[in-house]
């Protein structure tokens, strides 16, 4: 494992920059690796390069099959040709968090779901709901629609920053809340079918939320 962990060429990464107006996160990818430097694609917003000066401190994070890695570093150089890139210094530190250590966190994420047949054909209209908590392996959400153990659902979640996640899951828990016209259900879902790229979006969201709570001294 090199100085930057098990990172590879073309590895998708996230670059976090603490500007005066707040923290911004940008998508990027690895263009080159040496023992001392990491060359990455310059972050862009609306096809415009994000202006990062030499000496800017950034936090880089990326996922592989086993863990999430994050490290702090500094911009050493910027280049525009042949493609816009940043050269980053050797990391101050590198943290590794195994996927199994990602806990379930409380989160209100807007979502829609529909019932599926065993052959995965849609068996109902889509209904709106909101998650109660989320993890890389499943969610719990609140709905006024009665569901049953074993029901198979297609789920679409709309995370902040325009990140959308699609998964298919099975109902493994149903809790009735309220009575009469106020009847609601808390429904636990275990993901049965989900692309790893979709699961990575959830894990990254959880990691970022936990990191923010640690910064505030709440975790």
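Does residue 108 count as exposed (fewer than 14 other Cβ atoms within 10 Å of the Cβ), free of Cβ contacts under 8 Å to residues at least 40 places away in the same chain and under 23 Å from the mean Cα position of the chain (by Cα)?
Yes; evaluated as a whole, the condition is true for this residue.
Can you name every residue in region 54-71 that is modelled with pLDDT of 90 or more and not in a strand (DSSP E or B)?
Those that are modelled with pLDDT of 90 or more and not in a strand (DSSP E or B): 54, 55, 56.
Please find, among 108, 81, the residue that is over 19 Å from residue 213 (Cα atoms), in a loop (DSSP other than H, G, I, E, B) and either at pLDDT 90 or above or not assigned by TED's automatic domain parsing to the domain that holds residue 188 (or both).
The unique qualifying residue is 81.
Select from region 148-160 the residues that are in contact with a helix residue (DSSP H, G or I) (Cβ under 9 Å, 6 or more places away or on another chain) and loosely packed, with under 13 Cβ neighbours inside 10 Å and list them in ascending order.
160
Looking at residue 197 and the list (1) without any contact (Cβ under 8 Å) to a residue 12 or more places away in the chain; (2) at positive phi, which single condition is not satisfied?
Looking at each condition in turn, residue 197 falls short on (2).
Which residues, counting only those in region 154-180, are free of Cβ contacts under 8 Å to residues at least 60 places away in the same chain and not in a strand (DSSP E or B)?
Result: 160, 162, 178, 179, 180.
Quick test of your reading of the structure: residue 133 fulfils all but one of (1) outside any helix (DSSP H, G or I); (2) closer than 25 Å to residue 24 by Cα; (3) free of Cβ contacts under 8 Å to residues at least 12 places away in the same chain. Name the failing condition by number.
Of the numbered conditions (1) outside any helix (DSSP H, G or I); (2) closer than 25 Å to residue 24 by Cα; (3) free of Cβ contacts under 8 Å to residues at least 12 places away in the same chain, the odd one out for residue 133 is (3).
Considering 83, 103, 75, 97, which residue is over 30 Å from residue 186 (Cβ atoms) and touching a residue at least 40 places away in the same chain (Cβ under 8 Å)?
On inspection, the qualifying residue turns out to be 83.
Filter region 45-65 down to the residues that are within 20 Å of the chain's Cα centre (by Cα) and either buried (at least 17 other Cβ atoms within 10 Å of the Cβ) or under 26 Å from residue 6 (Cβ atoms) (or both) and list them by number.
Passing the criteria: 58, 59, 60, 61, 62, 63, 64, 65.
Among the numbered criteria (1) closer than 30 Å to residue 62 by Cβ; (2) out of contact with any helix residue (DSSP H, G or I) (no Cβ under 9 Å at 6 or more places or on another chain), which single criterion is violated by residue 166?
Unmet for residue 166, out of (1) closer than 30 Å to residue 62 by Cβ; (2) out of contact with any helix residue (DSSP H, G or I) (no Cβ under 9 Å at 6 or more places or on another chain): (2).
For region 12-34: of the residues being over 24 Å from residue 198 (Cβ atoms), at pLDDT 85 or above and assigned to a strand (DSSP E or B), which is nearest to the chain's Cα centre (by Cα)?
Selected residue: 17.
Can you tell which of 149, 120 is within 16 Å of residue 194 (Cα to Cα), part of a loop (DSSP other than H, G, I, E, B) and either over 21 Å from the mean Cα position of the chain (by Cα) or in contact (Cβ under 8 Å) with a residue 24 or more places away in the chain (or both)?
That would be 120, the only listed residue that is within 16 Å of residue 194 (Cα to Cα), part of a loop (DSSP other than H, G, I, E, B) and either over 21 Å from the mean Cα position of the chain (by Cα) or in contact (Cβ under 8 Å) with a residue 24 or more places away in the chain (or both).
The values are calculated or read from the model by the stated rules, or taken from the named source; none is laboratory data. These numbers were taken from a predicted model, which means no experiment stands behind them. FYI the Cβ positions are ideal-geometry reconstructions off the backbone, even for glycines, and counts take in every protein chain you see.
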